[in-house]
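The values are calculated or read from the model by the stated rules, or taken from the named source; none is laboratory data. On a predicted model such as this, the values are computed, not experimentally measured, just so you know. Glycine gets a Cβ as well: all are built from the backbone with ideal geometry, and neighbour counts include every protein chain shown. Keep in mind that these areas ignore ligands, DNA and RNA; they rest on the heavy atoms of the full protein, side chains included. Shrake-Rupley method; radii C 1.70, N 1.55, O 1.52, S 1.80 Å.
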Amino acid sequence: DRRIPGLTLDAVAWMHRHDVAVYAGDIGDGRPPVDPRVPGPLHRVALARLGMPLIDVADPAELAAVCAEEGRATFLFVAAPPRLGAASGVPVNPLAIF
């Protein structure tokens, strides 16, 4: 039995209260669910209900290197989804535009 840690509905609510626009991280929904009453809060609530794009397994090392090279840490972030009608759960292409 392999347990996978995950975010809770409280964490999703915190992100919503703090106007988090996108989640990019290594921790997703726990298996088995952290709270069996609300399985999959990241996908079922943050993505489906709040419209928050989720970026799995983000690796910000290259972005950090470019920020250091440019001498700045501000940029336009775009989570560009493919143009598919009535689709969800599709990969996005995260872009940092300097």
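Among the residues of the range 1-25, write down those that are under 15 Å from Pro36 (Cα atoms) and either part of a strand (DSSP E or B) or open to solvent by less than 60 Å² (accessible area, probe 1.4 Å) (or both).
Ile4, Gly6, Leu7, Thr8
Whether a residue is in contact with a His (Cβ under 9 Å, 6 or more places away or on another chain) and closer than 23 Å to His18 by Cβ was assessed, and Leu54 passes this test.
Test of understanding: among Val78, Val66, which residue is outside any loop (DSSP other than H, G, I, E, B), open to solvent by less than 70 Å² (accessible area, probe 1.4 Å) and closer than 23 Å to Asp19 by Cβ? Give the steps one after another, and end with the answer.
On the way: Val66 fails: closer than 23 Å to Asp19 by Cβ.
The match here is Val78.
With respect to the stated conditions, Gly28 fails to be small (Gly, Ala, Ser), free of Cβ contacts under 8 Å to residues at least 12 places away in the same chain and open to solvent by less than 40 Å² (accessible area, probe 1.4 Å).
When Val57, Val78 are checked against the criterion of being closer than 13 Å to Pro94 by Cβ and touching an Asp or Glu at 6+ places or on another chain (Cβ under 7 Å), Val57 stands alone in meeting it.
When the range 49-63 is filtered for residues that are open to solvent by 50 Å² or more (accessible area, probe 1.4 Å) and part of a loop (DSSP other than H, G, I, E, B), the ones remaining, listed by number, are Arg49, Leu50, Gly51, Val57, Asp59, Pro60.
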